[in-house]
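A.B. asks: Before anything else, here's the structure in question.
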Amino acid sequence: STFTGTCSDIPWADASTVDEMENGMAHTRGDLSIWGRLVVWEMNRLGMIVDLSYASYGVALDVLRYSRAPVIYSNAGAFAINRHHLNVKEDVLTQVASRGGMLMLSFDPTILGGFTIDNILGEQRDTIGADHIGIGSGFDGFDNVLEGLEDVSKFPTLFAVLAEGKYSDGETFPVWSVEDLRKLAGLNFLRLLHRVEQVKEELSYEQPFEDEGMEDDFD
């Protein structure tokens with residue numbers, strides 16, 4: 001479940017819009033409220049995947065601190081490649097990977113910033129490892145599709161390029177092994193699902209937190 005969506009006025013967490021430049025300065029409120037921490041805990045207890053797509057930088061760091069289960073970015077890119085507020089900074093990506101989570105790459109040209117999918121996948125494989133990358137795409141969220149990746153029917157072409165290790169202009173790059181391609185295609189996500197279910201089982205003895213005294217978070 002997307003933790004914030006694009007909403008910047010929910011009471012327990014900020015969306016990434018607060019990370020946009022404001023008067024030349026990065027504007028980040030960031031952290032989770034107490035209620036937000038309980039939301040993370042309850043999602044872990046119920047076996048819900050915490051999706052940090054659209055969450056602010058500060059919220060992402062807090063969720064990584066409090067979540068017992070791995071998290072995902074289901075529709076994002078790398079901030080180091082394109083400085084867009086929806087993209088993920090390298091320190092966050094490193095923590096996501098170290099906790100068993102995933103970056104699932106968006107195909108939105110705005111997020112990609114002019115770079116090709118195969119190039120960015122290669123960069124992220126080098127940064128966080130092939131065990132922590134997936135395909136996010138997000139076709140229903142933008143209008144301008146990438147040439148050659150207009151819909152899911154084009155995925156085999158992308159995987160063929162990765163397996164061959166050659167861009168359309170002839171430039172070569174390190175090939176993706178069959179095992180790494182299987183991980184990219186879905187094994188990574190299945191592994192993450194399994195771990196989320198394990199955490200759910202570990203918390204199965206816990207009761208849901210119910211406290212009517214938390215209304216202040218919603219003022």
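A.B. asks: Which order, highest average first, do 93-106, 181-194 follow once you tally other Cβ atoms within 10 Å for each residue and take the mean per peptide?
C.D. replies: Order by mean packing, descending: 93-106, 181-194.
A.B. asks: Tell me which lysines have Cα within less than 23 Å of LYS89's Cα, excluding those fewer than 8 residues away on the same chain?
C.D. replies: LYS183
The numbers here are math on the coordinates, done by the rules we state, and not lab data. Keep in mind that what you see is a predicted model, and the values were worked out from it rather than measured. Every residue, glycine among them, receives a Cβ derived from its backbone with ideal geometry; neighbour counts consider all protein chains shown.
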